[in-house]
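Q: For reference, the structure I am asking about is given below.
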Protein chains: 4
Amino acid sequence: MLKIAVIGTGRIGRMHAENIAAHPRAALAGVYDIHTPSATEVAEKLEVPQFESVEAVLASPEVDAILIASSTATHADLIEAAVAVGKPVLCEKPIDLSLDRVNACAARIKDSNVPIMLGFVRRLDSGHAGVREAITSGRIGDLHQVIITSRDPDMAPDAYMEVSGGIFRDMTIHDFDMARFILGEEVTEVAATGSRLVKPELMEKLDDYDTVTVVLKTASGKQAIINNSRRAVYGYDQRVEAFGSAGMAISENHAMTKVRLFGADHTESAPPLLNFFIERYDPAFAAEIGAFVDAVEQGTQPPMTFEDGRQALILAEAAIKSAKEGRTILTKDIG
Amino acid sequence: MLKIAVIGTGRIGRMHAENIAAHPRAALAGVYDIHTPSATEVAEKLEVPQFESVEAVLASPEVDAILIASSTATHADLIEAAVAVGKPVLCEKPIDLSLDRVNACAARIKDSNVPIMLGFVRRLDSGHAGVREAITSGRIGDLHQVIITSRDPDMAPDAYMEVSGGIFRDMTIHDFDMARFILGEEVTEVAATGSRLVKPELMEKLDDYDTVTVVLKTASGKQAIINNSRRAVYGYDQRVEAFGSAGMAISENHAMTKVRLFGADHTESAPPLLNFFIERYDPAFAAEIGAFVDAVEQGTQPPMTFEDGRQALILAEAAIKSAKEGRTILTKDIG
Amino acid sequence: MLKIAVIGTGRIGRMHAENIAAHPRAALAGVYDIHTPSATEVAEKLEVPQFESVEAVLASPEVDAILIASSTATHADLIEAAVAVGKPVLCEKPIDLSLDRVNACAARIKDSNVPIMLGFVRRLDSGHAGVREAITSGRIGDLHQVIITSRDPDMAPDAYMEVSGGIFRDMTIHDFDMARFILGEEVTEVAATGSRLVKPELMEKLDDYDTVTVVLKTASGKQAIINNSRRAVYGYDQRVEAFGSAGMAISENHAMTKVRLFGADHTESAPPLLNFFIERYDPAFAAEIGAFVDAVEQGTQPPMTFEDGRQALILAEAAIKSAKEGRTILTKDIG
Amino acid sequence: MLKIAVIGTGRIGRMHAENIAAHPRAALAGVYDIHTPSATEVAEKLEVPQFESVEAVLASPEVDAILIASSTATHADLIEAAVAVGKPVLCEKPIDLSLDRVNACAARIKDSNVPIMLGFVRRLDSGHAGVREAITSGRIGDLHQVIITSRDPDMAPDAYMEVSGGIFRDMTIHDFDMARFILGEEVTEVAATGSRLVKPELMEKLDDYDTVTVVLKTASGKQAIINNSRRAVYGYDQRVEAFGSAGMAISENHAMTKVRLFGADHTESAPPLLNFFIERYDPAFAAEIGAFVDAVEQGTQPPMTFEDGRQALILAEAAIKSAKEGRTILTKDIG
């Protein structure tokens, strides 16, 4: 039993806390949130201790490991603090909105052996992982093109959008990681374009985009296309397609149920897609806890590392620059 | 070039006439219909002669073969007449509503070598034939169960229903043939049940059904299930499923286009199914002309024979009896 | 928190014990199995008490309710005993292989208000329930035909087959309940046919079938077709189709993942179906515990009742008789 | 009856000749090919005259209109010559590999009223046209993103590749037109990237690519993504996806048959896709003849114009430049 404390009890932290509590090989050591009532609610519901401070979490002998689900700005500090006391970390993405801060954090923890795992949970989805497996097993031959379609069911509240760091750092970050996972090779070139179609005024104000396309290329010429939208009325659209010399593998969407309706003006109509990531990636979030426990207890490499988090951020920086300058950016010129 | 005359220029005869005219290895020798204006219209449109009588068709040296698409009551007489003058026949189903008449016809033509082909066109559908091929090639192992779903988009006019011979002889007849085609083995037992759900008053009046289920069994125990409805609002539903010891093959429906729509309350919505048999089995009807030409010119066995027509009618008779008596009927007790 | 004890810790009982333990509104009060080591293993793993006898379970003040997952022969006795001490029951199907025994049990408990829920878990599947909902909401109009395809991935060991009570009582029983659930109306006529195609010698020896088709009809003429096989190599095949005057609803199969493969000789190839009921109906089994807690704590009618269990058994008896006698059996002549 | 002569009787010209011959409102006036035996073969098979020269075609009073299916280098000259004698033209794409030549041609014919239709046949595909219709009818709201997946089943012979003009002018040209058709708005920005993955040596030698991605953007911010490969082992992959504020429409692939296979290691496996454009777009090619007849006889605007051909070439030029220079190209800077 790995005793894990959860820092941050917003929507995602709460879900992680429940998954830890339900996991046969993990125990919820307690929770903390700077917003005390939120932590109290979770602590009472799950019948676990509520810590009074981050320091209390770090110091507690009842805490084997820490899951960081607090606001992005706190991630790097918490990682450094946890590493300093030797407690393994499972940290929600992104590590930080600033690549400099991430690089500084990397420098500080580079001599440590404390396991750090990044919450790029989609790698643990059975469909997306199945696409990766179709590649590594040779079933689709040499990989040529990857298409990642990733659209949120709706935009977050304006207040969140203002601090999100922009679509590339906040939303595409997951797809950058997915592209790296599927490509199996580092990206060398990034070309991005953004539009303001969903909420043009807000996007204009924030100098951000709500609809983007990013094309990535590796040294060997493999291409990955990411297309994002902040709002898909039919639900959370999450598809991954890998095309190769010997075939293709596609990870398809998940509808709310497996019912198909037929009527006078339609056939095979399925319900909307699962909405939103907590529902869609529910089994992957549960698997994430198991993978973290494995990494800590068996000393195996976490499936998603700090370096994966850093690389995804490099791609985000490159995409931002590319969209602004209207040209392809070489990743070696970033970071 | 096989010169084929068409007797009967109703909806189906007209389609056959056009297919013959367009076929690279067939020529339309002319048309005849007891309703003269109908034949005139087709003859003028396709620029072919209009015959003045059945006798003229039979006697014409310009006619190599005859396609019979006139009303059911004339089929057996016309087959006998064509055989008498040595002209090959492609006859629309059914041969006759009366099994006795069919048996008499069979007796009269049994010493002839004139090719006779029955219009069980569905055997030539690439999907249904693909299911059969999956069986004969061994891909699904030993066949265990067959499910044939066959629903018309709507009921024919009342006037037609009154002379149709009832659902089993008129509509299920195609599915009986399909069952025999897929089973690859004669049916020994028939259990049928009928309901009056679409047009109860009319069905009551005609002592007929609009919704039926028939279960067929062969000597070796293979089962085939046929389900029919006279009205499916989503279009012409034509599916064949074959289940075996090593797998399953399904021939799927054909929607009007390959467009899928996604909206706030549905995903993957396709348009209604092709409506009706002329659209759905269009390529099969064209292939039917080719198969007939082959049978006549190369002396090969037609893919659908007079005997196939007789066997399907035996199953229809058994089904009628079974639905009435509420018990399984042995086909050896029919005919 | 409803404290539930589990009697019977075989494969199904174990799964139920885990679901109870994980349920936010239920607690696992302990387990019992006549085979002590099996119960010990579960008790230790889930850290709950192991009861020494059925009597101890019945007498324990720590036990609010009982889940019966022991062998079929014990079900009726345990139900009666639980009712006698006022403890609500969630009982795996079937109640008993003998309709007489079930009727006797019904008579004994008929004056009791103790909630009894039957384990017809498929009613709680989101797909099948969605089909039912499409009917009750009027989306497909008046119901005309139901097709239930239900095939196990493989046959149980011979030893089990010998005590199973035969395919109709053991396997089709679930489909009889599903047919009643979807039809929303009692079945009046049953016509069944059976074949021996998967394991002919064993079936011959047991006077049983491995491949069956059952056609059910209600007083208003609605038809339901059930087709079963004891072995489908592609996995656990569980489909429900409801056809009505205004459309159709289909509950589709669940493949192991959502990956589709394309290669030189195939496209859109999905993996085999989830195998077996514990995987396929996993969310439904979890929902079953919740529904039981609701029924007990809120006094609502359980979604699957003792009477549902009795009616399904009547259909099984009718099917057995029909398959033997080759005729349609009226349910009013059974039981 | 519009009497159409076909110039060029290679694979495509032959197909057009057959379609014209079979069309109820068109007649094949004769054929010509610089390679005489090819024209002779088609003329004899279809029983039509063989012209001795282009001049003979242009001069013939038996020729109402001309279909140009000869080599690309002859297209512009033939268009100009046909316009000069007042004969309407249906010309295969592209008009020419040189934008300068196309512009010169445009200048020469700009005062003529002779109908010119370009062979961008995909616009007439029921699926792709259905996607367009979903947009114009408002069913998917404001259009935001378009994804066009277009992969050939295999590379043409090396000899053809050497004169093709490169992937953007030869293959993507169709997708550029499709993008314009679906977007319904001119493209202002083009960003392209190419890789050499299928036949690297040949591509290197020709300074061409076999795997490309192009991102297009309109003034209002609509995005279109095109991805091409010269070789897809599973067949001719032709998909169009349009994503908008109120939904999504997808035009799906066409498999060889509608059979789905299920076995021990796969489910729902369909056959490979129709291979190649003549099979896949067969109904669209037939519709193209009808649309051309309409345009000539009724004086309606052809659905695909000379200007459509010119605009597609502008996008190709922009893509070539973008792929070389690694930056976004504005279409206003081309041509």
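The values are calculated or read from the model by the stated rules, or taken from the named source; none is laboratory data. The model shown is predicted, which means the values in this text are computed figures rather than measured ones. In this analysis, Cβ positions are derived from the backbone assuming ideal geometry, glycine residues included, and neighbour counts consider all displayed protein chains. Side chains are part of the model used for accessible areas, which takes the heavy atoms of the whole protein and leaves out ligands, DNA and RNA. Shrake-Rupley method; radii C 1.70, N 1.55, O 1.52, S 1.80 Å.
Q: I need every pair where a residue in the range D:250-263 that is over 17 Å from B:THR257 (Cα atoms) and of a type in the set (Gly, Ala, Ser) has its Cβ under 8 Å from the Cβ of a residue that is open to solvent by 30 Å² or more (accessible area, probe 1.4 Å) and not in a strand (DSSP E or B), sequence separation at least 6 or different chains.
A: Once the first residue is over 17 Å from B:THR257 (Cα atoms) and of a type in the set (Gly, Ala, Ser) and sits in the range D:250-263, its partners that are open to solvent by 30 Å² or more (accessible area, probe 1.4 Å) and not in a strand (DSSP E or B) give D:GLY263/B:ARG139; D:GLY263/B:ALA246; D:GLY263/C:VAL233.
Q: Going through the range B:286-323 one residue at a time, which ones are open to solvent by 10 Å² or more (accessible area, probe 1.4 Å) and aromatic (Phe, Trp, Tyr)?
A: B:PHE306
Q: State whether the residues of the range A:233-241 include one that is assigned to a strand (DSSP E or B), within 30 Å of D:THR331 (Cα to Cα) and of a type in the set (A, V, I, L, M, F, W, C).
A: No, the range A:233-241 has no match at all.
Q: Another question, if that's okay. Could you grab me the full set of residues in the range A:184-196 that are buried (at least 24 other Cβ atoms within 10 Å of the Cβ) and within 7 Å of chain D (Cβ to nearest Cβ)?
A: A:ALA191
Q: Okay, moving on. Output the number of the condition that A:ASP294 fails; it satisfies all remaining conditions of (1) away from chain C (no Cβ under 14 Å); (2) under 30 Å from B:TYR234 (Cα atoms).
A: Here A:ASP294 meets the rest and fails (2).
Here is a yes/no grid of residues against (1) assigned to a helix (DSSP H, G or I); (2) of a type in the set (D, E, K, R):
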position: D:ALA73; (1), (2): yes, no
position: D:ASP100; (1), (2): yes, yes
position: D:VAL114; (1), (2): no, no
position: D:HIS144; (1), (2): no, no
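Q: Suppose we keep only residues that are within 13 Å of another protein chain (Cβ to nearest Cβ), open to solvent by 40 Å² or more (accessible area, probe 1.4 Å) and in contact with a Lys or Arg (Cβ under 9 Å, 6 or more places away or on another chain) within the range D:99-141. Which one would you say is farthest from D:THR172 (Cα to Cα)?
A: Per the stated criteria, the residue is D:GLU133.
Q: Would you mind stating whether D:THR149 is hydroxyl-bearing (Ser, Thr, Tyr) and in contact (Cβ under 8 Å) with a residue 60 or more places away in the chain?
A: Against the criterion (hydroxyl-bearing (Ser, Thr, Tyr) and in contact (Cβ under 8 Å) with a residue 60 or more places away in the chain), D:THR149 qualifies.
Q: Give the residues of the range D:59-93 that are open to solvent by less than 20 Å² (accessible area, probe 1.4 Å), without any contact (Cβ under 8 Å) to a residue 60 or more places away in the chain, small (Gly, Ala, Ser) and closer than 20 Å to D:LEU118 by Cβ, sorted by residue number.
A: Those that are open to solvent by less than 20 Å² (accessible area, probe 1.4 Å), without any contact (Cβ under 8 Å) to a residue 60 or more places away in the chain, small (Gly, Ala, Ser) and closer than 20 Å to D:LEU118 by Cβ: D:ALA76, D:ALA82.
Q: Starting from the range D:198-212, take each residue that is at pLDDT 95 or above and list its partners that are open to solvent by 50 Å² or more (accessible area, probe 1.4 Å) and assigned to a helix (DSSP H, G or I), counting only C-beta distances under 7 angstrom and pairs at least six apart or across chains.
A: D:LEU202/D:ASP158; D:LEU206/D:GLU162
Q: Related question: Of the residues D:ALA56, D:ALA43, which is assigned to a helix (DSSP H, G or I), open to solvent by 30 Å² or more (accessible area, probe 1.4 Å), small (Gly, Ala, Ser) and modelled with pLDDT of 95 or more?
A: The unique qualifying residue is D:ALA56.
Q: Scan the range B:159-183 residue by residue and report those that are open to solvent by 30 Å² or more (accessible area, probe 1.4 Å) and either within 26 Å of C:ARG196 (Cα to Cα) or assigned to a strand (DSSP E or B) (or both).
A: B:PHE181
Q: D:ALA156 is checked against (1) buried (at least 23 other Cβ atoms within 10 Å of the Cβ); (2) of a type in the set (A, V, I, L, M, F, W, C); (3) under 30 Å from D:VAL198 (Cα atoms) and fails just one. What number does that condition carry?
A: Single failed check for D:ALA156: (1).
Q: Another question, then. Identify all residues within the range C:200-257 that are open to solvent by 20 Å² or more (accessible area, probe 1.4 Å), of a type in the set (A, V, I, L, M, F, W, C) and within 7 Å of another protein chain (Cβ to nearest Cβ); write none if there are none.
A: Scanning the range C:200-257 gives C:VAL233, C:ALA246, C:ILE250, C:ALA255.
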